[in-house]
Amino acid sequence: MAEHIDAIAVADLVEFLSVAQRLVVLTGAGISTESGIPDFRSTEGLWARHAPPTYHEFMRDADQRRAYWRLRRELWPRVTSAQPNPAHLALAELDRRAILAGIITQNFDGLHQEAGVPPDRIIELHGTSHEAACQSCHARQPIAMVQQRVDAGDEDPRCSCGGYLKAATILFGQPVPATLLEAAITLAESCDLFMVIGSSLRVHPAARLPQIALRRGVPLVILNREPTPLDVRADLVIRATAGPFLGSVLDTLRA
Ligand code: NAD
């Protein structure tokens, strides 16, 4: 059954968007669940069955690396076949309307780019799963090449320098690159509307970014299926599924 869309919440968000000139959006795994990529915390999700290793575990334990690549064999087909959903497309349309200053994403799936948002307006805070990175020499290569080796039986793939290969994403315990974090903070410091979509706001440092906007008195909108720790401080909290809700918002803006 189609989800009921709260018309008052749609009107409220349209009002915020109508006056915004520098919208910054923080997106989490929830914006991509409708594209078939499970989020981190959903009980039926992939991650509930296999928690990814921490960075420290990955680096010190060959069994953890083999388990990591087994998990990626399950995840990779979902990421490569995923298509942008109406929520990604709505943000791309806000970009064409020159409202969007930037997207800070916790996701590594590349779906904002595929939806048509120019890469220079997207900060991938947790990296990209479309590339592999050597943990020693930092050389990058398309992840498809490494996945082929794993599929052919190379369970702990290495770079030509001998370093461990891993998707160019951030595992728990691995710091977000300072340049990316600084760029995200600069966006949060210069926006006039901050919106969170599909993030539990429990992963730091991303979860601190809306607070930068709040401290400047900038309105905060949170669109998420479940409560988040910042709901009490938000100007508008929308408890809805992102795709259909943002689809309605765009329909209203077009009208
Ligand atoms: P999370 O899993 O902690 O939280 C996702 C939130 O989105 C949940 O609160 C959930 O209720 C909500 N949600 C799920 N589907 C939704 C929908 N259709 N509409 C609205 N809300 C929805 O995700 P997180 O906070 O982003 O943290 C998990 C970390 O794991 C991320 O930082 C990311 O690096 C990584 N991750 C990325 C992907 C991806 O790239 N698509 C997928 C899984 C995990």
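The values are calculated or read from the model by the stated rules, or taken from the named source; none is laboratory data. Just so it is clear, the structure is predicted and the values come from calculations on it, not from any experiment. So basically every Cβ, Gly included, is an ideal-geometry build from the backbone, and we count neighbours across all protein chains shown. Only protein heavy atoms, including side chains, enter the accessible area calculation; ligands, DNA and RNA are left aside. Shrake-Rupley method; radii C 1.70, N 1.55, O 1.52, S 1.80 Å.
Among the residues making up the stretch 95-138, those that are of a type in the set (Gly, Ala, Ser) and open to solvent by less than 50 Å² (accessible area, probe 1.4 Å) are Ala101, Gly102, Gly110, Ala115, Gly116, Gly127, Ser129, Ala132, Ala133.
Residues in the stretch 190-239 that are among the hydroxyl-bearing types (Ser, Thr, Tyr) and near the ligand (Cβ under 8 Å from one of its atoms): Ser199, Ser200, Thr228. Contact map, the stretch 209-236: first residue of a type in the set (Ser, Thr, Tyr), second residue open to solvent by less than 90 Å² (accessible area, probe 1.4 Å), Cβ cut-off under 9 Å, separation 6 or more or different chains; pairs are Thr228/Val196; Thr228/Ser199; Thr228/Ser200; Thr228/Leu201; Thr228/Ala207; Thr228/Ile222; Thr228/Ala234; Thr228/Val237. Pairing each residue of the stretch 162-189 that is within 16 Å of the ligand (Cβ to nearest atom) with any residue that is outside any loop (DSSP other than H, G, I, E, B) and basic (Lys, Arg), provided the two are 6+ apart or on different chains, yields C-beta distances under 7 Å for Ala167/Arg72; Ala168/Arg140. Condition test on Phe194, is it modelled with pLDDT under 95 and not polar (S, T, N, Q)? No, not satisfied. Of all residues in the stretch 120-158, those satisfying the criterion of being over 16 Å from Arg66 (Cα atoms), away from the ligand (no atom under 16 Å from the Cβ) and not charged (D, E, K, R) are Ser136, Cys137, His138, Ala139, Gln141, Pro142, Ala144, Met145.
Counting only residues that are not assigned by TED's automatic domain parsing to the domain that holds Ala240, give me the helices (runs of 4 or more DSSP H) lying completely in the stretch 41-156 with at least 3 of them. Working first, answer last.
On the way: elements: 46-49, 55-60, 62-81, 86-96, 111-115, 143-151.
Once the helices (runs of 4 or more DSSP H) in the stretch 41-156 are filtered for at least 3 residues that are not assigned by TED's automatic domain parsing to the domain that holds Ala240, what remains is 46-49, 55-60, 62-81, 143-151.
Assess whether Val10 counts as being surrounded by 15 or more Cβ atoms within 10 Å (Cβ to Cβ) and not assigned by TED's automatic domain parsing to the domain that holds Tyr164. Judged against the criteria, Val10 is a match. Among the residues of the stretch 141-162, is there at least one that is farther than 28 Å from Thr33 by Cα, buried (at least 17 other Cβ atoms within 10 Å of the Cβ) and touching a strand residue (DSSP E or B) at 6+ places or on another chain (Cβ under 8 Å)? Checking the stretch 141-162: at least one residue is farther than 28 Å from Thr33 by Cα, buried (at least 17 other Cβ atoms within 10 Å of the Cβ) and touching a strand residue (DSSP E or B) at 6+ places or on another chain (Cβ under 8 Å).
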